[in-house]
Amino acid sequence: QVRLVESGGGLVQPGGSLRLSCAASGIIFSARGMAWYRQAPGKQRVLVARITSDGSTNYADSVKGRFAISRDNAKNTVYLWMNRLKPEDTAVYYCTTWDTAYWGQGTQVTVSS
């Protein structure tokens, strides 16, 4: 059974930082590309960042230069490092495989003073 479990969300002030984690099981993690999406209330779910099995990355324009995706294959975990957070970053953040075949339950990130 494939399982993706996000953690690390919470309330943070504008300009602050947060690290999200996604622990994967049921897949050969090192062979799979991974991605983070987010969905704000009343909005469509959109791609935030992706990382290939060999570590190449790409980002949505809205987060480029502020967010970084990374992976630790020894821990079967993908991370999203979020810096200089803005209120418009507020959303539920979801972990998924590159092909979006499997999704986690999501973790809430709220950026507010």
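In region 48-57, the qualifying residues are those that are under 12 Å from the mean Cα position of the chain (by Cα) and open to solvent by less than 60 Å² (accessible area, probe 1.4 Å), and the one that is farthest from Gly16 (Cα to Cα) is Ile51.
Within the option set Arg45, Arg66, Arg71, being out of contact with any His (no Cβ under 7 Å at 6 or more places or on another chain) and open to solvent by less than 30 Å² (accessible area, probe 1.4 Å) holds for one residue only, Arg66. Under 9 Å by Cβ, and 6 or more places apart or on different chains, what pairs join a residue from region 1-28 that is farther than 19 Å from Asp54 by Cα with one that is at pLDDT below 95 and among the polar types (S, T, N, Q)? Going by the 9 Å Cβ cut-off, the qualifying pairs are Gln13/Ser113; Pro14/Ser113; Gly26/Gln1. Counted as qualifying within region 27-113 are the strands (runs of 3 or more DSSP E) with 2 or more residues that are farther than 18 Å from Gly15 by Cα, namely 34-39, 46-51, 57-59, 67-72, 77-82, 91-97. Criterion applied to Gly106, Gly8, Gly15 was being open to solvent by 30 Å² or more (accessible area, probe 1.4 Å), under 11 Å from the mean Cα position of the chain (by Cα) and at positive phi, and the one residue passing it is Gly8.
The values are calculated or read from the model by the stated rules, or taken from the named source; none is laboratory data. Keep in mind the model is a prediction, meaning the values are calculated, not measured. We place every Cβ from the backbone using ideal geometry, glycine too, and count neighbours over all the protein chains shown. What goes into the accessible areas is simple: the full protein's heavy atoms, side chains included, and nothing from ligands, DNA or RNA. Shrake-Rupley method; radii C 1.70, N 1.55, O 1.52, S 1.80 Å.
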